[in-house]
1. Is there any pair linking a residue in region 575-586 that is farther than 17 Å from Q505 by Cβ to one that is among the acidic types (D, E), with Cβ under 9 Å and at least six apart or on different chains, and which?
2. Exactly one condition in (1) assigned to a loop (DSSP other than H, G, I, E, B); (2) at pLDDT 95 or above is not met by D966; state its number.
3. Among the residues of region 434-465 satisfying the criterion of being under 18 Å from P493 (Cα atoms) and modelled with pLDDT under 90, which is surrounded by the fewest Cβ atoms within 10 Å (Cβ to Cβ)?
4. Need a quick list: strands (runs of 3 or more DSSP E) entirely within region 656-752 having at least 3 residues that are closer than 28 Å to I936 by Cα.
5. Those residues that are free of Cβ contacts under 8 Å to residues at least 40 places away in the same chain, among the hydrophobic types (A, V, I, L, M, F, W, C) and within 30 Å of G628 (Cβ to Cβ), I need them from region 470-511; list them, please.
6. Kindly indicate whether E861 is closer than 12 Å to E913 by Cβ and either assigned by TED's automatic domain parsing to the domain that holds R725 or out of contact with any helix residue (DSSP H, G or I) (no Cβ under 8 Å at 6 or more places or on another chain) (or both).
7. Here are some residues: P602, P610. Which one is surrounded by 19 or more Cβ atoms within 10 Å (Cβ to Cβ), touching a Pro at 6+ places or on another chain (Cβ under 6 Å) and in a loop (DSSP other than H, G, I, E, B)?
Amino acid sequence: MIMLLVLATGYNLKAQIFDDFEDGDFTQNPAWTGDEDLFSVVPYELDESVLMLRSNSTGAATYYLSTPSFIVSETSWEFFFNLRFSVTGANFMDTWLVSDDDNLNNAQNGYFVRFGRTQKDISFWKRTAGSDELLFDGPDNQINSSTNNPFQIRITRNDEGLWLIWVDQGATGNFALLGVVNDSTHTTTAAFGFRIVQSGAAGPIQSHWINNVNVAVMPPDETPPEVIGTIAPQANEVILQFNEPLDEATAENVLNYSISDGIGAPTSATLNATTLTQVTLALGNPLNDGQTYTLTVSNVEDLAGNSMPPQEVDVLFFTIAEPEFREVVFNELMVDENPPVQLPAAEFIELFNTTTDKFFNTDGWTYVNGTTVRVLDEAIIPPGGYLILCRAADIPLFETFGPVLGLSSWPALTNAADSLTLISEGGTILDIVSYTIAWYQDPEKSGGGYTLEQINPFAECSGMMNWRATDDPSGGTPGAQNSIFDTTPDTDPPVLVDFNINNPQSITFFFNEPLDPESLNDATYTIEPPIEIESAGTGGDFSFINLQLAAPIDTGVFYTITITGVTDCPGNLIADQNSIEFLIGFIPGLHEVLINEIMADPTPAVGLPPHEYIELYNPTDKIFDLSGCRISTATFRPNTFIYPGEHLVLISPSNEGEFPGIEPQAVMQSMSTTFLTNAGRELFFANDNNELIDRVEYSDAWYRDAAKSGGGWSLERINPEEPCRGGDNWRASTNVNGGTPGFVNSVLDLTPDNVAPRLVAILVPDSVSIELVFDRVLDEIAALTAGYVFSPDLTLASIEPLSPANLRIRLTFTEPLEPNLRHDLEILGLTSCTGIDFENNDPAYFGVPAEPTSGNMIINEVLFNTRVGGATYVEMYNNSNAILSIRDWEIANLGNNQFRLITPEAYILFPGEYMAITTNKNNIIAEYPFGDPNRILQIPGMPSLNNNDGQVRLINADGQVVDAFDYEASMHFPLLRTVRGVSLERIDFDRPTDDRTNWMSAAETVNWGTPGVENSQFQRAADDDGEVWVDPEIFSPDNDGFNDVLNINYRFSEPGLAGSITIYDSAGRLLRRLVRNELLGTEGTISWDGTGEQGERARIGIHIVYFEVYSPDGMVRGYKRSCVVSSRF
């Protein structure tokens, strides 16, 4: 048996080296040198309030840091490390305690400790003349985690060359002696440091953490040794464990040991030559089984010569007994450790020895979790003792609570329900526990972090009524008496609580506690309407009775059973709570039960509890059993029924009890508190045969109300009589509480949908197929039989309605389409799922896109400063002669380094078409009524656009920047009272995007924005034969969208000219220096917005535009042009 020594931390040393890296700098105080670029001091991943030294290599490397060190004898080396990866033969760390070279890669002589290797162990090495010798090989798999290996290490060496290796696994504050080495080959050193060997694997990257380095001379040892543990493996042998290495002569002197009750001194004492901390005593007189003796130890010395005063310790010898039923029991279960309260965030099981005089050894016992079998290793459970079972990797987390036995392969405990069995090596069933989440009897604690505790471990049998959630504020009592421990006898009769239909002729009835199986011989069972019972039986933990019927029960019929004559384990006879109704419900088919209401974003709460829910509605006259049904990954508990016309509210187990007064409710298994995504998700409602019952793929656009989509309001189905419809059949609740769970929907309207389906987009994913996207769910048969007429003519290879929503039809052609060629489409005979005919009211066309190039797609309008609660948008325009696809394009703001995918769908833009993108299409349509809703695309996310400035980038699928616009708020028309909610519009497609004068505030006449349509300030430069001309010669800078700017156009025959433009009023007074010494192209346009140097409005009347041009050879030309500033009256 290996004994671990506990060593108190914190003895004082005079440090030669100390570094906790709190100064954030490893290059001084002390100075570490080596591969400095491959290390950094950063906040610790597991506690960002602490700075630590961390590795920084992003690939395979061998690298080190060292610092000068000159002490070897009577020295202590201490440090913390955490290798947050799986150590291997190619990924490990060496700590050089003694090195003759500050370059650890070149060290020829010294000592180092290796953390890692293939064995995942801690080993101690000596290097002499470049050759390595293994001095100590620690146990394998000590560094066994792939994510977290925290250790505090302390190594000491005395003048005689005795090395002690102490390990604090888990950095808990308690050290255990790992190994002892005698070697004094090297007595001088030049450096201490850390050397890392790292492969190209991802795990070790930036995953070596080091802290609290302390190298110091040890103070004199003046503390005598102590006995810290005893064991009597047999009647004539006692093993003593000491807390430090011992002097051999005094440790083996038999006169230094004496055992009470006539045993006396041992016949021999033998010191373990490897550890020097363990002494084996051979006894002349045997110990009695089960008797505790007092052993007195004195005059034993440590290696420093400190002699022990007399110390008394207990010695117990025992033999192992064979356990009987419930002599060892499951006593406490941590089945849902998250969120943790105060206990470790790890599962555990506590076993308890209910006897007063028996010792048990778990070696060879079988632990069964469901159908998973594990064989236990050796562990002793004394009378009244506890044993904690957990994952082997979690042993350090529980050692402070008591004895722990780890399983290398731990079968996870299911949160909702599980069955556990413990069997002795001889095959005796010791205990069975079949818990459910209801055993907590506390909805809040069942959400995680609290254990299930047994109330009376001495009861003959134990079921739900003998268990409940712990009362301990830490979340449980591992290794100690349960917080709810109570041995008061059970005087309550059993209660019939539930049933399960195994098949129409086999029904199981459940009780709240185990029954006496013998009492079933005297039981009577009465069923109404009458049906004959063939047999009754029980099993497992005896908390149920299984009845076999002579004939099957009828579907949809209520039956009542009354059971008399049975007793529980203590003999209490069943009383008045002995009847229950049961039935077989129908299995729901398509649209026989509907998803009727969805609370996806419950906060901020309006008037309902701040928790998610789903409401189901049964529009039929049938009773349905939802057992085995699921909504996506959430499943129904057994015996969940929904009755005709009923609204059933589904909630998370964590929210049980949070909806008082709302009935009926059903708790869904595997439904988390965030099961419903705020922005939208698919809810697939299927029966036990995986047949579709209903399907809803909601989005926040379904609210049709920007304020309500922000939270606290449910989505309600409008017309349950037309269940095939999609988002048009849903909207935000109008109830003052924010929703109507359990009641008729506030938006209920049974008016039939007479709106024809509309084609909203034609996607072109490749050269041989297109996808037609509609705003109404289509009739699948009509989609397959409809006529699709193309011009120019095309031949279809297949027609595929895309289920399950049937909002799309994929048409595949026999031949690839020619790029950049327009095809028109007419659809005949297509109907919605409610029978309304499709009408070809809008032109439908498509084409295979060409390859985009820079300048083809331009940024045409940007709304960055929104009204309160409004959304931003960016409009793009196809300024080419080619059809362009925006699939996998991104919109970005380099000002905050945010990149957002526009769409993964194959949307196309024909030449001259606009597309505005936003996160809230409904908001943009409402606030900018002059825009085109068909040319506005809602996307999941937009980069945030600062009100003052930003750097908008349009990036194609290849990662190339297609257009770039650096906006500033100062680009707005300066005379506006506010620019909130006002977009910036491009004036001319062909002028550069970065020309500040090519942008203007949208006009008030279009409500300050034109998403998806021609800009209100759009104005192409006029053609003229001269070198400089202006248009329009009369303009009105009042931001009404008509002639708001003056375009100053130029065209020169030679390149390389520079120019200045100055505006004067009719009296010759300077009004505006528009351009100063700007390099000009051979042609271009510069716009004037009719304001002066201070942003004031120019007076009405004639103004002079003076355009001065300079050539590189010194030639200067001047052009005067007149214009008129006007105003409407």
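The values are calculated or read from the model by the stated rules, or taken from the named source; none is laboratory data. All values derive from a computational prediction rather than experimental measurement. Cβ coordinates were reconstructed from backbone atoms using ideal geometry, including for glycine residues, and neighbour counts include every protein chain displayed.
1. Partner pairs satisfying both residue conditions: I580/D498; F586/E592; F586/D625.
2. For D966, the exception is condition (1).
3. Ranking the qualifying residues of region 434-465, first place goes to E460.
4. Numbers: elements: 665-669, 682-686, 692-697, 715-717, 730-732.
Per the criteria, 692-697, 715-717, 730-732.
5. F510
6. Numbers: closer than 12 Å to E913 by Cβ: no; either assigned by TED's automatic domain parsing to the domain that holds R725 or out of contact with any helix residue (DSSP H, G or I) (no Cβ under 8 Å at 6 or more places or on another chain) (or both): yes.
For E861, the condition - closer than 12 Å to E913 by Cβ and either assigned by TED's automatic domain parsing to the domain that holds R725 or out of contact with any helix residue (DSSP H, G or I) (no Cβ under 8 Å at 6 or more places or on another chain) (or both) - is not met.
7. Numbers: P610 fails: surrounded by 19 or more Cβ atoms within 10 Å (Cβ to Cβ).
Just a single option satisfies the conditions, and that option is P602.
This table checks each residue for (1) outside any loop (DSSP other than H, G, I, E, B); (2) over 20 Å from P819 (Cα atoms); (3) free of Cβ contacts under 8 Å to residues at least 60 places away in the same chain.
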site	(1), (2), (3)
N865	no, yes, no
V874	yes, yes, no
I891	yes, yes, no
N896	no, yes, yes
R900	yes, yes, yes
E905	no, no, no
P929	no, yes, no
N934	yes, yes, no
